[in-house]
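Asker: Take this structure first; my questions come after.
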Amino acid sequence: MTGHARDTEGEVSEGLSVSTRGVWGGAAVLALLVSMGFSWRLLLERPLSETGREGRERPGLLAAVSKRPSFSFGFQNFLADVVWLEAVQVSGNLKMTPADYDRLYQLLNVVANFDPKFEIPYLLGGLVLGESPLHAGEALRVFDRGKTHHPADWRFPFYMGFTHYFSVGDPEKAGAAMAEAARLPGSPAYLPGLASRMLSEARKPETAMALLETIARQENDPARRSVLERRIREVAVERDLQILESAVERYRRKTGTVPENLADLVREGILAAVPAEPNGGRYLLERGGKVRSDRVAQRLRVFRTR
């Protein structure tokens with residue numbers, strides 16, 4: 001009995017020892033995690049760039065580490081997630097200041113340094129940056145960096161076009177970016193039409209027509225091809241209207257008056273002929289020198305707040 005009691009007592013003692021070690025081990029891990037979280041929170045709250053005594057801006061500690069991901073000891077994805085959560089908090093401010101946009105741009109670069117394939121920060125972060133006219137350039141750089149790592153994803157050139165148009169006010173570059181997006185697999189069917197509208201407003205209907213004609217030739221679906229061909233006719237109308245209105249202005253400068261009808265442009269030698277309306281209609285000269293088609297109700301312009 002005595003030997004059995006000692007064995008039982010030893011087992012209990014060993015069990016308590018194992019249990020105690022487990023408790024202390026768990027506490028140590030918890031303390032380590034809390035310490036890491038606190039340390040990274042402090043690191044995130046520190047400036048991502050600092051100004052040295054010589055007056056030059058230099059990267060902060062977090063930005064410097066992100067530029068050498070090997071220093072993160074295999075935790076690149078974890079650190080990218082942590083920094084991205086901070087970026088989400090910054091972008092969630094109802095009234096973002098220029099400093100908030102600056103910090104967001106820096107955070108997005110840090111995320112991309114740690115995890116270049118993490119696509120959501122490029123897309124969402126770029127859109128938020130584009131809301132600030134002062135940061136449209138930064139938005140385009142974020143999208144362009146995302147496009148470098150995701151060259152087959154049509155969303156990156158699409159949002160670059162969006163930013164060029166609505167933030168920068170450059171419909172020509174916007175249309176070119178939309179055209180690039182339209183050529184990528186999986187892109188929406190409406191992109192060629194949107195690109196053509198932007199390029200037409202940029203006074204480049206010939207470019208829009210070339211794009212649409214190329215896509216139409218490659219389109220195997222009859223319904224989609226029909227839509228593209230209809231869009232080509234609309235762009236052709238816009239091209240003709242621009243030619244005719246330019247001719248009206250030359251007639252005004254030459255004669256000092258507005259022509260009574262479009263045939264006057266031919267009689268005066270300004271045009272060789274009035275172009276045929278591609279939808280089977282007619283071009284009409286309105287008072288003041290504007291020209292319209294009797295088959296197309298609206299000019300090809302993307303509506304936006306001015």
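The values are calculated or read from the model by the stated rules, or taken from the named source; none is laboratory data. None of these values were measured; they are calculated from a predicted model. Here Cβ is always computed from backbone atoms with ideal geometry, including for glycine, and neighbour counts include all displayed protein chains.
Asker: Would you mind stating whether residue 286 is farther than 19 Å from residue 205 by Cβ, touching a Lys or Arg at 6+ places or on another chain (Cβ under 8 Å) and either loosely packed, with under 11 Cβ neighbours inside 10 Å or of a type in the set (Asp, Glu) (or both)?
Answerer: The answer is yes for residue 286.
Asker: Regarding segment 190-202, can at least one residue be identified that is closer than 27 Å to residue 97 by Cβ, touching a residue at least 12 places away in the same chain (Cβ under 8 Å), touching a helix residue (DSSP H, G or I) at 6+ places or on another chain (Cβ under 6 Å) and of a type in the set (A, V, I, L, M, F, W, C)? Spell out the reasoning first.
Answerer: If we filter segment 190-202 for residues that are closer than 27 Å to residue 97 by Cβ, which is where we start, we get none.
For segment 190-202, residues closer than 27 Å to residue 97 by Cβ, touching a residue at least 12 places away in the same chain (Cβ under 8 Å), touching a helix residue (DSSP H, G or I) at 6+ places or on another chain (Cβ under 6 Å) and of a type in the set (A, V, I, L, M, F, W, C): absent.
Asker: Follow-up. If I ask for residues that are under 20 Å from residue 102 (Cβ atoms) and surrounded by fewer than 21 Cβ atoms within 10 Å (Cβ to Cβ), which ones from segment 139-160 would you list?
Answerer: The answer is 141, 144, 145.
Asker: Assuming residue 106 fulfils every condition listed in (1) in a helix (DSSP H, G or I); (2) free of Cβ contacts under 8 Å to residues at least 40 places away in the same chain; (3) within 18 Å of residue 134 (Cα to Cα) apart from one, which condition is it?
Answerer: With (1) in a helix (DSSP H, G or I); (2) free of Cβ contacts under 8 Å to residues at least 40 places away in the same chain; (3) within 18 Å of residue 134 (Cα to Cα) applied to residue 106, the lone miss is (2).
Asker: Out of 288, 256, report the one residue that is out of contact with any Ser or Thr (no Cβ under 9 Å at 6 or more places or on another chain) and modelled with pLDDT under 90.
Answerer: 288
Asker: Report, by residue number, each residue of segment 96-146 that is under 13 Å from residue 168 (Cα atoms) and of a type in the set (Ser, Thr, Tyr).
Answerer: Matches in segment 96-146: 132 only.
Asker: Inspect all residues belonging to segment 122-145 and state whether any of them is outside any helix (DSSP H, G or I) and over 26 Å from residue 86 (Cα atoms).
Answerer: So far as segment 122-145 goes, no, none of its residues is outside any helix (DSSP H, G or I) and over 26 Å from residue 86 (Cα atoms).
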